[in-house]
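Visitor: Handing you this structure, nothing more for now.
The values are calculated or read from the model by the stated rules, or taken from the named source; none is laboratory data. These numbers come from a predicted model, not from an experiment. Cβ: placed from backbone, ideal geometry, glycine included. Neighbour counts: every protein chain shown.
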Amino acid sequence: MSDDTLTRSLQKVARQDRPAFRQVYSLSAAKLAGVLTRMLRDRAEVEDALQDVYIKVWQRAAQFDAARGEAMGWLVAIARNVALDRLRTRPESRGFSHVSPRPGADADAPDPTASLPAQGPSAEGRLMAGDQARRIVDCFDELETDRAEAVRGAYLQGLSYQDLAQRHAVPLNTMRTWLRRSLARLKECLDE
């Protein structure tokens, strides 16, 4: 898939072009479903989240700026944000048990028996997240520069193996090997 095609289609979606929206969907749905599946690990929730992603794409396509990044990277960022929002609202992530709404209660009305979510991460949680972020950066620094860039391109920008192989001027199988070995090294480093 060419990111140029996806970019042009997104620009048309910004003008509310429905055929272009269908093309954006067909070019990106598999990739975004993969991102959501890795994060959410629940098929039904992935399907709902994917719908949320494309609603946001339809509403925010005018905010996409090709000069600031690639179209697939922009779409992956939306998918990641949707997944993170869903993960934050899961009852187990808030430390509260789930309270089902009362039978016959208005689904849109706030449930007075529901617990209020925590107001953000605790100080300990922020310190742990900071330590983990530093460890990740340190582990990335142990990779060769081109390998680290390839991993970032694949998993943060949503680039395909083919796009990365072209960017780094290496054969496709070499890129697959780079990514597989780099991920293994990162996992090893983080497990230490």
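Visitor: So, in the stretch 12-35, how many residues would count as being under 21 Å from ASP163 (Cα atoms) and surrounded by 14 or more Cβ atoms within 10 Å (Cβ to Cβ)? Even if it seems obvious, please write down each step before you answer.
Guide: Going residue by residue through the stretch 12-35, those that are under 21 Å from ASP163 (Cα atoms) are 23-35.
Those still in the list that are surrounded by 14 or more Cβ atoms within 10 Å (Cβ to Cβ) too: 23-25, 27-29, 31-35.
Number of matching residues: 11.
Visitor: Here are some conditions: (1) at pLDDT below 65; (2) part of a helix (DSSP H, G or I). VAL46 meets all but one. Which one does it not meet?
Guide: (1)
Visitor: Show the residue pairs meeting these rules: Cβ distance below 9 Å; 6+ apart or different chains; first residue within the stretch 41-58 and free of Cβ contacts under 8 Å to residues at least 40 places away in the same chain and in the same structural domain as ARG90 (by TED's automatic domain parsing); second residue in a helix (DSSP H, G or I) and basic (Lys, Arg).
Guide: Cβ pairs passing all conditions: ASP48/ARG86; ALA49/ARG86; ASP52/ARG86.
Visitor: Working carefully through the options ARG126, ARG147, find the one that is part of a helix (DSSP H, G or I), among the basic types (Lys, Arg) and either touching a strand residue (DSSP E or B) at 6+ places or on another chain (Cβ under 9 Å) or modelled with pLDDT of 60 or more (or both).
Guide: Values: ARG126 fails: either touching a strand residue (DSSP E or B) at 6+ places or on another chain (Cβ under 9 Å) or modelled with pLDDT of 60 or more (or both).
ARG147 is the lone residue from the list that is part of a helix (DSSP H, G or I), among the basic types (Lys, Arg) and either touching a strand residue (DSSP E or B) at 6+ places or on another chain (Cβ under 9 Å) or modelled with pLDDT of 60 or more (or both).
Visitor: Inside the stretch 151-192, can you point out the residues that are part of a loop (DSSP other than H, G, I, E, B) and of a type in the set (Gly, Ala, Ser)? I'd like the intermediate steps shown before the answer.
Guide: In the first step, residues of the stretch 151-192 are kept if they are part of a loop (DSSP other than H, G, I, E, B); the result is 156-160, 169-171, 192.
Within the stretch 151-192, GLY158, SER160, ALA169 qualify.
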